[in-house]
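The structure under discussion appears below in the form of structure tokens.
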Amino acid sequence: MSDTSKTSLLALSPRTKQRNAAEKRFRAYGVAAIAIGLLMLTVLVTNIFSRGTGAFQQTFVTVNVELLESKLDKKGNRDLEDIKKVTTFGYNPLIRDSVVAKVEELGIQTDLKAKDLGGILSKGAVGQLREFVIANPDKIGETIEFRFLAQSRVDGYLKGRVHRESIGNDKSISAEQLDLVDQLVDAGVIVKSFNMDFITGADASDQRPEAAGIGVAMLGSLSMMFVVLGLALPIGVAASIYLEEFAPKNRLTDIIEVNISNLAAVPSIVFGILGLAVFINYMHLPTSAPLVGGLVLTLMTLPTIIISTRAALKAVPPSIRDAALGVGASKMQAVFHHVLPLAAPGILTGTIIGLAQALGETAPLLLIGMVGFIASNAPETLADGLLAPNSAMPAQIYEWAKRADPAFYERAWGGIIILLVFLVTMNTLAVILRRRFERRW
Amino acid sequence: MNDMQFTDRAVDQKETKIAAQGVNVHYGDAHAIKDVNVEIEDKTVTAFIGPSGCGKSTFLRCLNRMNDTIDICNVTGNILLDNEDIYDKRVDPVQLRAKVGMVFQKPNPFPKTIYDNVAYGPRIHGLAKNKADLDEIVEKALRRGAIWDEVKDRLDKPGTGLSGGQQQRLCIARAVATEPEVLLMDEPCSALDPIATAQVEELIDELRTRYSVVIVTHSMQQAARVSQKTAFFHLGTLVEFGHTGQIFTNPEDPRTESYITGRIG
């Protein structure tokens with residue numbers, strides 16, 4: 001025994017000091033790491049919302065259109081076939097005149113020609129008018145109030161995206177037109193309001209970003225999710241139950257296990273090219289169809305579901321299996337009556353997270369052509385929804401981000417907000433399900 | 001202390017329920033049970049005692065083929081239940097386990113209601129024709145498990161909400177609900193407090209009137225209290241088997257004596 005003086009508990013030894021300092025440092029690192037993560041998340045979310053919320057608002061112009069019989073139905077017999085012969089081109093003068101009339105009615109002085117006056121409306125206005133006339137031929141001859149989309153530059157001007165200084169070379173809009181817009185805004189003819197069409201509508205051509213919506217792509221995504229859920233869940237759960245509860249533990253099952261784990265790490269674009277080669281080139285399934293997209297995403301989601309299901313099955317205490325076998329249940333009864341219900345919350349969580357992953361996947365969809373330009377209406381039947389060409393939300397966002405007009409850029413951000421809303425909803429659902437069905441033993 | 005008081009000295013010879021002949025168990029390369037021969041009598045409590053890892057639980061699990069679920073476990077020799085080899089190819093372990101019930105070390109009620117816990121076995125074996133039948137079976141089983149009075153008002157509450165001792169008696173009730181002939185108990189009291197242990201031991205003594213009970217225990221006092229026959233296992237061999245009184249007071253083998261007096265274990 002050394003004869004050094006007794007150490008006091010009140011004084012820290014150098015070693016203790018060192019250890020305390022190390023612990024403090026580590027805590028500081030941890031706090032810093034979390035702070036950086038939160039900061040990034042905040043930047044991301046504020047960025048997305050500040051850029052994307054504009055897409056949910058759109059500028060509308062309210063005008064009174066006189067549906068001239070002389071233009072729309074020259075014979076005057078209201079024959080639908082004859083009315084349909086008038087192309088959108090024939091509606092142009094009506095639209096133009098309606099704006100001119102509005103300007104005159106308000107007593108606004110302007111040097112603009114009639115063509116430029118009509119130019120503040122979306123190029124889709126004629127289509128909207130024609131559809132109305134074909135649906136209501138009896139209204140020909142009357143003057144009816146319409147709410148048309150303003151063209152994207154006017155919309156951009158109201159949202160602060162387009163400035164007078166920046167339109168020097170822009171053929172789509174002039175400073176005089178912007179003056180007119182200012183006056184019309186003061187008069188309440190041009191208003192910005194919530195744009196449901198962005199959420200429910202279809203994509204629009206390069207000329208009409210103001211009319212583009214994500215609704216049809218959303219349906220495409222939903223159809224794919226149905227395929228994924230319908231295939232990946234039963235296949236994945238059956239595979240997991242067999243591997244976890246029934247399969248003998250040997251070299252072969254070890255190899256299968258390792259390969260399933262590896263499959264989960266395969267880049268998604270590989271699944272895309274596999275889908276292209278197998279489903280489209282070999283099996284001749286239709287290109288751009290949600291069915292094919294769903295099949296590819298199923299391949300991608302399967303490993304996720306299998307891994308989480310097996311983890312959920314493993315977490316069920318063996319004593320439950322013993323108890324069931326002990327009263328004479330067969331292996332299958334033990335699994336289906338006792339193990340599976342206990343594992344269900346874990347399986348559900350894994351499935352929802354797998355689906356959320358698949359919902360946001362873009363790369364494989366690009367390879368199988370799920371970027372169809374779909375300006376048509378939503379598919380009417382389920383089979384149509386699965387087999388008709390469609391796009392998907394992330395692919396649509398990618399398409400918009402690619403286009404030259406900055407008005408599409410805003411829509412890409414808007415699409416991201418919708419996609420994020422879906423993902424957050426699904427993840428919240430997963431958490432709620434897990435909480436609700438969690439059982440203790 | 002009356003720990004070493006023996007429950008029933010007047011043991012008369014009863015007919016053999018289970019006969020093990022030359023049983024060997026291998027776990028992969030490990031030889032867990034070495035040539036065990038034993039005859040377990042009907043309507044008797046037989047205790048398996050021995051130090052940890054001596055193979056008593058392994059042997060118990062052979063009696064209802066629970067070892068089948070372990071891939072590397074290999075059982076040879078004959079185990080006869082009422083003169084039928086339970087390891088015969090034609091025997092379905094599921095039918096066997098309905099006849100040979102089991103209670104485990106840790107109470108393991110299903111995370112379902114008390115009623116469903118007991119009703120599960122009769123349901124899967126089709127013992128009840130209708131709901132009234134099933135109600136009757138459940139009540140009878142819970143009475144035999146000496147827990148009916150405590151739970152009769154809350155049959156629809158989860159079995160996992162009971163205390164440890166109640167859970168274990170529920171598990172016993174669940175095991176007897178399928179009308180087994182043999183009841184295997186693997187250290188049924190090791191997770192219980194002394195009062196719950198006393199209740200379960202009392203119950204075991206009652207069960208003896210109907211079933212052949214085999215109990216594995218670490219506690220020699222427990223073996224002495226509840227059993228009529230005792231088997232002492234050591235390193236995978238059955239060292240000594242005989243009347244409990246004789247094993248504890250006058251063991252033939254020196255190893256048994258060493259264990260009982262606390263020198264090995």
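Rule-based calculations on the coordinates, nothing more; no lab input. Just so it is clear, the structure is predicted and the values come from calculations on it, not from any experiment. As a convention, Cβ positions derive from the backbone with ideal geometry for all residues, glycine included, and neighbour counts pool all protein chains shown.
Report the label-to-label distance for B:Arg263 and A:Phe49 in nanometres (one decimal), using points 7 Å from each Cα along the Cα→Cβ vector.
Here the answer is 8.0 nm between the modelled labels.
Show which aspartates and glutamates lie in cross-link reach of A:Lys402 when reach means a straight Cα distance below 18 angstrom and same-chain residues fewer than eight apart are skipped.
A:Asp203, A:Asp206, A:Glu210, A:Glu361, A:Glu410
Using helices alone, I'd like the mean residue ellipticity at 222 nm for chain A: each DSSP H run of four-plus residues gives -39500 (n - 2.57), total over residue count, nearest 500.
Numbers: 19 runs with 265 residues, N = 441.
Taken over chain A, the calculation gives -19500 deg cm²/dmol.
What is the mean number of Cβ atoms from other protein chains located within 10 Å of the Cβ atom of each residue in peptide B:99-109, rounded to a whole number?
Details: counts 1, 2, 3, 6, 2, 4, 2, 4, 2, 10, 4.
Per residue, the average neighbour count from other chains is 4.
With a bin width of 5 angstrom, please list the P(r) values of segment B:16-260 as percents of all Cα-Cα pairs, from the 0 bin to the one holding the largest distance.
P(r) over segment B:16-260, rounded to whole percents: 1, 7, 14, 18, 19, 16, 13, 8, 4, 1, 0, 0.
Can you give me the pair-distance distribution of segment B:11-128, C-alpha pairs, 5 Å bins, whole percents?
2, 9, 17, 21, 20, 15, 10, 5, 1
Return the calculated 222 nm mean residue ellipticity for chain B, to the nearest 500 deg cm²/dmol, obtained by summing -39500 (n - 2.57) across DSSP H runs with n ≥ 4 and dividing by the residue count.
Numbers: 10 runs with 91 residues, N = 265.
Rounded to the nearest 500, the figure is -9500 deg cm²/dmol.
Please give the FRET efficiency for A:Thr143 paired with A:Ala175, using the beta carbon to beta carbon distance and R0 = 35 Å, rounded to the nearest 0.05.
The computed FRET efficiency comes out at 0.65.
Taking 0.36 nm per residue of separation and subtracting the Cα-Cα distance, what length does fully extending A:Ala401 through A:Lys331 add?
Here the segment from A:Ala401 to A:Lys331 would lengthen by 19.8 nm.
Nearest 10 degrees, 0 to 90: what angle lies between the long axis of helix A:251-264 and the longest principal axis of chain A (Cα atoms)?
40
Subtracting the Cα-Cα distance from 0.36 nm times the residue separation, let me have the gained length for B:Glu202 to B:Val91 in nm, one decimal.
Gain on stretching B:Glu202 to B:Val91: 36.6 nm.
Averaged over its residues, how many other protein chain Cβ atoms are within 10 Å of peptide A:327-337's Cβ atoms?
For peptide A:327-337, the averaged partner shielding equals 6.
Could I have the simple spin-label model distance between A:Glu131 and A:Glu66, label points 7 Å from Cα toward Cβ, reported in nm to one decimal?
That separation, rounded to one decimal, is 2.7 nm.
Once the Cα atoms of helix A:175-186 and of chain A are each reduced to a long axis, what angle between those two axes, in degrees from 0 to 90 to the nearest 10, is obtained?
Taking the Cα atoms of chain A, the angle to A:175-186 is about 80 degrees.
Which aspartates and glutamates, on any chain, are close to A:Lys331 with Cα under 15 Å apart, when same-chain ones fewer than 8 places away are left out?
Result set, ordered by chain and number: A:Glu244, A:Glu245, A:Asp322, B:Asp68, B:Asp71, B:Asp92.
Once you have a ≥ b ≥ c as the square roots of the Cα gyration tensor eigenvalues for chain A, tell me rounded if a/c is under 1.5, and otherwise prolate or oblate according to whether a/b is larger than b/c. Please list the in-between numbers first.
On the way: a/c = 3.23, a/b = 1.74, b/c = 1.86.
Oblate, because a/c is 1.5 or more while a/b does not exceed b/c.
Would you mind giving the mean number of other chain beta-carbons within 10 Å of the Cβ of each residue in A:317-325, as a whole number?
6
Helix B:164-176 sits at what angle to the longest principal axis of chain B, using alpha carbons and giving 0 to 90 degrees rounded to 10?
The two axes meet at around 90 degrees.
Which entries in the list B:Lys89/B:Lys112; A:Lys123/A:Lys171; A:Lys102/A:Lys139 go over 23 Å, if you measure between the two C-alpha atoms of each?
From B:Lys89/B:Lys112; A:Lys123/A:Lys171; A:Lys102/A:Lys139, over 23 Å: B:Lys89/B:Lys112.
Using 1/(1 + (r/R0)^6) with R0 = 25 angstrom and r between the beta carbons of A:Ala315 and A:Leu420, what's the FRET efficiency to the nearest 0.05?
0.25
Can you list the lysines whose alpha carbon sits under 30 Å from that of A:Lys6, skipping same-chain ones fewer than 8 residues off?
Cα-Cα hits under 30 Å: A:Lys17, A:Lys24.
Using a basic spin-label model with each label point 7 Å from the Cα along Cα→Cβ, how many nm lie between A:Leu252 and A:Ile235?
Inter-label distance under the simple model: 2.1 nm.
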